[in-house]
Amino acid sequence: MAKIAINLTTASIQKEEVIVGIDLGTTNSLVAYMHPEDHVPIAINDLGLGTIVPSVVHFSSAGEVLVGDAAKEYLLTDPANTIYSVKRLLGKSYQDLGNHKDSFGYKVIDDNSEGLVKIRVQDKFYSPIELSAEILKELRARAEHALKTPVNRAVITVPAYFNDSQRQATRDAGKLAGLEVLRIVNEPTAASLAYGIGLDPNEEKTIAVYDLGGGTFDISILKIHQGIFEVLSTHGDTYLGGDDMDREILEFWTRQNRLLADLVALDPNAAQALRLKAEEAKKALSQQEKFKAELNGIELKLDRHTFDTLITPIIDRTMASCQMALKDAGLQPEQMDTVIMVGGSTRVPLVYQTVSDFFGKPAHNDLNPDEVVSLGAAIQADVLAGNRKDILLLDVTPLTLGIETMGGLMDSIIPRNSKIPTKAGRQYTTSVDGQVNMKISVYQGERDLVKENRKLAEFDLRGIPAMPAGFPKVDVNFILNADGILKVEAVELRSGVRQEVEVKPQYGLTDEQVEQMLMDSITHAREDVSTRMVIEARTTAEQMLYQVERFVEKNGEHLSPEEIELTRQNVQRLREVLPTGDKDTILKAVDVLEEQTSPFAERVMQISIKKAMTGKKIE
Ligand code: AMP
């Protein structure tokens, strides 16, 4: 039965607010809700546009924002202003991107800091949080339109391996889209719920969730007992999926036909058209044995057997991941009670067959593999709405959490794959006589040296009474809540001095900042978001000015007078725009200065290497 509520101010009857479940995917996103009468989760198909909303955002020159299929059309014609795969950037710094820095069709900005990446579109700079918020706003609008009711609350899913920073960024994106995010749920957990696993409190099962999408692969091993979900282990490859199958087909066709190879090498439109044909062939071969089409009069043929041979290495890579995940969980393939298929690419028959063979049982694929995560999120939303009290969710932390100790070493406090919520602590002491402050630096990662891990926070425990080294007893406790948000507290036991922080990703948004932005978004949305960004832009600019000026001072002899003059002009320009408070103008000036001066560092380095080599004989 649908619940009703009476609005006392207007004396009107309102339908009970719906809490939606959202699958915010790398390639595609979906929103689902629990049908109040039928009690089944349904993926929302507003205006017959389909349930799948491509996670693509396009900005027109007039400032209009398009999301979904409408935006996807611009991927080819206007790539610089069309943002895809933003999920890959969520909660990440430029350094985190490693070798994938240049693999985006749009501009990802390196501002030389450890801060989160920004994306430049025309002359504006966006954070991945803002871009994800655009996708969420679209999903919210579609849900409101289709259900004819306000939608203010949601459950959003994330990959099981997402770290704190990425989970927090997802929450922030939700808030920025005007949604109260009731829970962040792991995608494999949601998929299991969609298959009704976990709804019976007496059930005990071990489950493998195999998720092969367009561009990512994840395998998760879950355990369900007494209505509690536990993620035993996860593994995967963030750059492996159906797109790679399309590429294999494309390359097969171009290997076969020189004319075709020349055509795609010369004409990007033809290359894109061929890529689409390859995807069409792949999808067709999920149903039939042979595919035939043509492009510019060239015949394109593919049969199932050849396709299977082409994609075997891709599938093998996913199976290697499955083996690793099982090893981490200490289990054998046959010990899985249930195997669940998620993601559009699991429709490929060879994928289904290989996975079923590996685990020794037929995998579940009755539900639409594109929708299954969003359906499970809708079930979780229903649980949180108080409609089901029989399910509790328990996840694991994907990476070790610890603090820095002497010599820059990582001291692990909560090991990876620990069940959350959890609490753990350790005792430390001072290393110097009379030491009254202690710096606590919190890191996440598996390496021994903290510099190779990700720093989450840093704070000082101040006011420790002066004592000889080794005397104070400092307890450091980590408290990780069900959403994967970490609270760190430090207390000196002899004096009772204490300090605590809630760990937010570096340069991320605090809850207060997000709340503030949300309230202001009602009246002047963009303006308020940009206040914070102006501050960040100014900091970036000031760091840049400091670096460039020091560089020119020290290494001016290696620069030409023209270069020095141009640098001076660009520095001056940046100084002029700093007070304007316009983040895009500031970041643009930073960009200009950076682009102009970045070759200098390398040149100077080469000169010094040469100098160092002079006079040295190579034996
Ligand atoms: P997802 O990221 O889960 O939305 O999955 C999208 C991927 O699934 C894309 O690579 C699609 O080409 C692929 N896909 C969708 N339908 C099919 C199909 N019938 N057969 C094979 N692959 C498919």
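The values are calculated or read from the model by the stated rules, or taken from the named source; none is laboratory data. Keep in mind it's a predicted model, so treat the numbers as computed, not measured. Virtual Cβ from ideal backbone geometry, glycine too; neighbours counted across all protein chains shown.
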Do any residues in region 345-364 that are assigned by TED's automatic domain parsing to the domain that holds R247 have Cβ atoms under 6 Å from those of residues that are of a type in the set (G, A, S) and near the ligand (Cβ under 9 Å from one of its atoms), where the two are at least six apart or on different chains, and which pairs are they? S345/G241; S345/G242; R347/S286; V348/S286
Does region 328-341 include one or more residues that are assigned by TED's automatic domain parsing to the domain that holds T216 and within 16 Å of the ligand (Cβ to nearest atom)? yes
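Residues checked against (1) in the same structural domain as N163 (by TED's automatic domain parsing); (2) outside any loop (DSSP other than H, G, I, E, B); (3) of a type outside the set (A, V, I, L, M, F, W, C):
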residue: I413; (1), (2), (3): no, yes, no
residue: K423; (1), (2), (3): no, yes, yes
residue: V432; (1), (2), (3): no, no, no
residue: V442; (1), (2), (3): no, yes, no
residue: R447; (1), (2), (3): no, no, yes
residue: A457; (1), (2), (3): no, yes, no
residue: P465; (1), (2), (3): no, no, yes
residue: P468; (1), (2), (3): no, no, yes
residue: A482; (1), (2), (3): no, no, no
Could you list, in sequence order, the residues of region 98-122 that are modelled with pLDDT of 70 or more, part of a loop (DSSP other than H, G, I, E, B) and in contact with a Phe, Trp or Tyr (Cβ under 6 Å, 6 or more places away or on another chain)? V117
Tell me yes or no: at least one residue of region 142-164 is without any contact (Cβ under 8 Å) to a residue 24 or more places away in the chain and assigned to a helix (DSSP H, G or I). yes
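Hand me the list of strands (runs of 3 or more DSSP E) wholly inside region 180-232 holding 1 or more residues that are of a type in the set (D, E), away from the ligand (no atom under 16 Å from the Cβ) and within 24 Å of the chain's Cα centre (by Cα). Full working, then the answer.
Details: elements: 180-186, 205-212, 217-225.
Per the criteria, 180-186.
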What do you reckon, is V383 at pLDDT 70 or above and in contact with a helix residue (DSSP H, G or I) (Cβ under 8 Å, 6 or more places away or on another chain)? no
Six or more apart or on different chains, Cβ under 7 Å: which pairs go from a residue in region 547-573 that's assigned by TED's automatic domain parsing to the domain that holds R603 to one that's among the charged types (D, E, K, R)? Could you list them? H558/R603; V571/E549
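Looking at the structure I just gave you, is G174 at positive phi, out of contact with any His (no Cβ under 7 Å at 6 or more places or on another chain), surrounded by 18 or more Cβ atoms within 10 Å (Cβ to Cβ) and not hydrophobic (A, V, I, L, M, F, W, C)? It would help to see each step written out before you state the result.
Details: at positive phi: no; out of contact with any His (no Cβ under 7 Å at 6 or more places or on another chain): yes; surrounded by 18 or more Cβ atoms within 10 Å (Cβ to Cβ): yes; not hydrophobic (A, V, I, L, M, F, W, C): yes.
It is false that G174 is at positive phi, out of contact with any His (no Cβ under 7 Å at 6 or more places or on another chain), surrounded by 18 or more Cβ atoms within 10 Å (Cβ to Cβ) and not hydrophobic (A, V, I, L, M, F, W, C).
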Starting from region 63-78, keep only residues that are farther than 20 Å from L136 by Cβ, then list their pairs with residues that are surrounded by fewer than 18 Cβ atoms within 10 Å (Cβ to Cβ) and charged (D, E, K, R) whose Cβ atoms are within a distance under 7 Å, requiring at least 6 positions of separation or different chains. none
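Which one of S431, S418 is of a type in the set (G, A, S) and closer than 30 Å to G98 by Cα? Step through it out loud before you land on a result.
Values: S431 fails: closer than 30 Å to G98 by Cα.
Only one candidate qualifies: S418.
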Filtering region 231-290 for residues that are out of contact with any Phe, Trp or Tyr (no Cβ under 9 Å at 6 or more places or on another chain), among the polar types (S, T, N, Q) and closer than 30 Å to E204 by Cα leaves a count of 1
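Test R304 against the stated conditions and say whether it is among the basic types (K, R), within 23 Å of Q272 (Cα to Cα) and out of contact with any Gly (no Cβ under 8 Å at 6 or more places or on another chain).
Numbers: among the basic types (K, R): yes; within 23 Å of Q272 (Cα to Cα): yes; out of contact with any Gly (no Cβ under 8 Å at 6 or more places or on another chain): yes.
Criteria met by R304.
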T312 versus (1) within 16 Å of the ligand (Cβ to nearest atom); (2) part of a helix (DSSP H, G or I); (3) crowded, with 19+ Cβ neighbours inside 10 Å: which is the lone unmet condition? (3)
If A265 meets every condition in (1) away from the ligand (no atom under 11 Å from the Cβ); (2) in a helix (DSSP H, G or I); (3) more than 24 Å from T77 (Cβ to Cβ); (4) of a type outside the set (V, I, T) apart from one, which number is that one? (3)
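Picking from T189, T149, T206, which residue would you name as being over 19 Å from I340 (Cβ atoms) and hydroxyl-bearing (S, T, Y)?
On the way: T189 fails: over 19 Å from I340 (Cβ atoms); T206 fails: over 19 Å from I340 (Cβ atoms).
Step by step, each of T189, T149, T206 is checked, and only T149 is over 19 Å from I340 (Cβ atoms) and hydroxyl-bearing (S, T, Y).
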Considering residues of region 574-619 that are among the small types (G, A, S) and closer than 18 Å to E553 by Cβ only, the residue modelled with the lowest pLDDT: S608
Does T346 meet the test of being closer than 12 Å to G241 by Cα, away from the ligand (no atom under 13 Å from the Cβ) and crowded, with 22+ Cβ neighbours inside 10 Å? no
Answer yes if at least one residue in region 328-339 is in a helix (DSSP H, G or I), farther than 17 Å from G214 by Cα and touching a Pro at 6+ places or on another chain (Cβ under 7 Å), and no otherwise. no
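Could you tell me whether A377 is at pLDDT 95 or above and among the aliphatic types (A, V, I, L, M)? Walk me through how you get there before you give the answer.
On the way: at pLDDT 95 or above: yes; among the aliphatic types (A, V, I, L, M): yes.
Against the criterion (at pLDDT 95 or above and among the aliphatic types (A, V, I, L, M)), A377 qualifies.
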Restricting to region 271-309, give me the number of residues that are of a type in the set (G, A, S) and either within 14 Å of the ligand (Cβ to nearest atom) or buried (at least 17 other Cβ atoms within 10 Å of the Cβ) (or both). 4
Only residues in region 210-223 that are in contact (Cβ under 8 Å) with a residue 60 or more places away in the chain count as the first member; pair them with residues that are within 15 Å of the ligand (Cβ to nearest atom) and among the aromatic types (F, W, Y), Cβ under 6 angstrom, at least 6 apart or cross-chain, and list the lot. I219/Y210
Output yes when any residue across region 326-334 is in contact (Cβ under 8 Å) with a residue 12 or more places away in the chain, crowded, with 23+ Cβ neighbours inside 10 Å and in contact with a Leu (Cβ under 7 Å, 6 or more places away or on another chain), and no when none is. no
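Are any residues in region 51-68 of a type in the set (S, T, N, Q) and either farther than 24 Å from I22 by Cα or away from the ligand (no atom under 16 Å from the Cβ) (or both), and if so, which ones?
Residues of region 51-68 that are of a type in the set (S, T, N, Q), as a first pass: 51, 55, 60-61.
Result: S60, S61.
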Number of the condition not met by R275 [criteria: (1) modelled with pLDDT under 95; (2) over 16 Å from L310 (Cβ atoms); (3) of a type outside the set (D, E)]: (2)
